[in-house]
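The values are calculated or read from the model by the stated rules, or taken from the named source; none is laboratory data. Note that this is a predicted model, so its numbers are computed, not measured. Glycine gets a Cβ as well: all are built from the backbone with ideal geometry, and neighbour counts include every protein chain shown.
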Ligand code: FES
Ligand SMILES: [Fe+2]
């Protein structure tokens, strides 16, 4: 439960909001590298409530500036992508990637107008197939964010992306909520007593996609704050040897918008939730293989399974076909037959459906959290404490107070003896990988 005031503080990310000012201290995933072609089309980018455009110049460098031309406001999404700048098609003003107005051709030769006008421009950097933007004050620029997958060849990494039509915080709260997998995803993730950790069955046509060594629908959550945010263990009773063992899954919340969670053996996975504005979020699901490329068939299988095929499950702006207007194509017949618990196809679409179904910004003054929501409550506490201190004292936000080595952050999943603390068990499991 949050008061309406705290809820507003948590959710709003525009340039004049407290959270928006704090969010601007972090690098934000802005687009995928593959979305921008050198010398090609300009893309409209909505980010933290601002309308921007991004493009890749013929030399391969990327620019990110205000969508609207500083002359009389025509959209730069229509601009010509020329050498070292965008040229507005209305009157030919040319703007560089640093926001400098380079040419104002209709003005007389003696005009110094261009020297006195700038477009808003933000620095960008590419890492791991993602273009990141920094929208905060230059003197406070934070270090780059290079997660583990950024160190792997592109052939080992799969990035799936789609738009969610709701506030960023309720999407983050979906990924740090372990208990829902036993209900919402109970058709896609099923128990198997013969396993030690979750396995991917690999058959996209099978009803169940994953098998897990537990059917315990009331996990015990233990949360531990960290310099980057927090991590928590979801501890469940395993199907076998429950008197000796506990089954543990550890998820990391990396402030402000990232979560790293266990993937099947040999794989890693995380999600990022870029706030486009107060009521829409870009969801990124990143999967990587540590020691082999992900082949084309596997990539297609994942895109199909997760309902994130570009051009099929969503349009060119990543807007989903299964959405609020059609109840996410929930299939009541499949539910009646017992084929699907939720009636919604695909594990991620199930997540999108429940998160969007809460409304554009959920009113947290009306909810009733329980023990299984401990990580959700901690997320709110960590982010609210951070934004309040940042606003009151200027203290750097959570994750930016000390150096974080993002490349070292890993989740874990393990079957552990009861008397072993999960923190020690996680280290053992990671060392054995
Ligand atoms: S509006 Fe862009 S050059 Fe005039
Ligand atoms: Fe989920």
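Among the conditions (1) closer than 22 Å to residue 82 by Cβ; (2) not in a loop (DSSP other than H, G, I, E, B), residue 106 misses just one, which is (2). Scanning the range 345-365 for residues that are modelled with pLDDT of 95 or more and over 18 Å from the mean Cα position of the chain (by Cα) turns up 357, 358, 359, 362, 363, 364, 365. When you scan the range 339-378, how many residues do you find that are over 11 Å from residue 166 (Cβ atoms) and either not assigned by TED's automatic domain parsing to the domain that holds residue 168 or not in a helix (DSSP H, G or I) (or both)? Summing the residues that are over 11 Å from residue 166 (Cβ atoms) and either not assigned by TED's automatic domain parsing to the domain that holds residue 168 or not in a helix (DSSP H, G or I) (or both) in the range 339-378 gives 13.
Taken together, the criteria place residue 299 among residues that are more than 13 Å from ligand 2 (Cβ to nearest atom), farther than 29 Å from residue 376 by Cα, touching a strand residue (DSSP E or B) at 6+ places or on another chain (Cβ under 7 Å) and touching a residue at least 60 places away in the same chain (Cβ under 8 Å). For the range 272-279, does any single residue satisfy the condition of being in a helix (DSSP H, G or I), touching a residue at least 60 places away in the same chain (Cβ under 8 Å) and closer than 22 Å to residue 177 by Cα? No, the conditions are met nowhere in the range 272-279.
Every residue, every condition in (1) under 24 Å from the mean Cα position of the chain (by Cα); (2) surrounded by fewer than 19 Cβ atoms within 10 Å (Cβ to Cβ); (3) more than 16 Å from ligand 2 (Cβ to nearest atom), yes or no:
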{"residue": "45", "(1), (2), (3)": "yes, no, yes"}
{"residue": "48", "(1), (2), (3)": "yes, no, yes"}
{"residue": "56", "(1), (2), (3)": "yes, no, yes"}
{"residue": "63", "(1), (2), (3)": "yes, no, yes"}
{"residue": "66", "(1), (2), (3)": "yes, no, yes"}
{"residue": "72", "(1), (2), (3)": "no, yes, yes"}
{"residue": "82", "(1), (2), (3)": "no, yes, yes"}
{"residue": "86", "(1), (2), (3)": "no, no, yes"}
{"residue": "92", "(1), (2), (3)": "no, yes, yes"}
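Picking from residues in the range 109-132 that are touching a residue at least 40 places away in the same chain (Cβ under 8 Å) and in a strand (DSSP E or B), the one that is nearest to ligand 2 (Cβ to nearest atom) is 130. Picking from residues in the range 143-177 that are over 17 Å from residue 287 (Cα atoms) and in a strand (DSSP E or B), the one that is nearest to ligand 1 (Cβ to nearest atom) is 163. Considering only residues in the range 181-209 that are part of a strand (DSSP E or B) and without any contact (Cβ under 8 Å) to a residue 60 or more places away in the chain, the one that is nearest to ligand 1 (Cβ to nearest atom) turns out to be 190. Every listed requirement among (1) on the phi > 0 side of the Ramachandran plot; (2) in contact with a helix residue (DSSP H, G or I) (Cβ under 7 Å, 6 or more places away or on another chain) is met by residue 359 save one, (2). One residue stands out in the range 321-338 among those that are under 24 Å from the mean Cα position of the chain (by Cα) and not in a loop (DSSP other than H, G, I, E, B): the one that is surrounded by the most Cβ atoms within 10 Å (Cβ to Cβ), namely 328.
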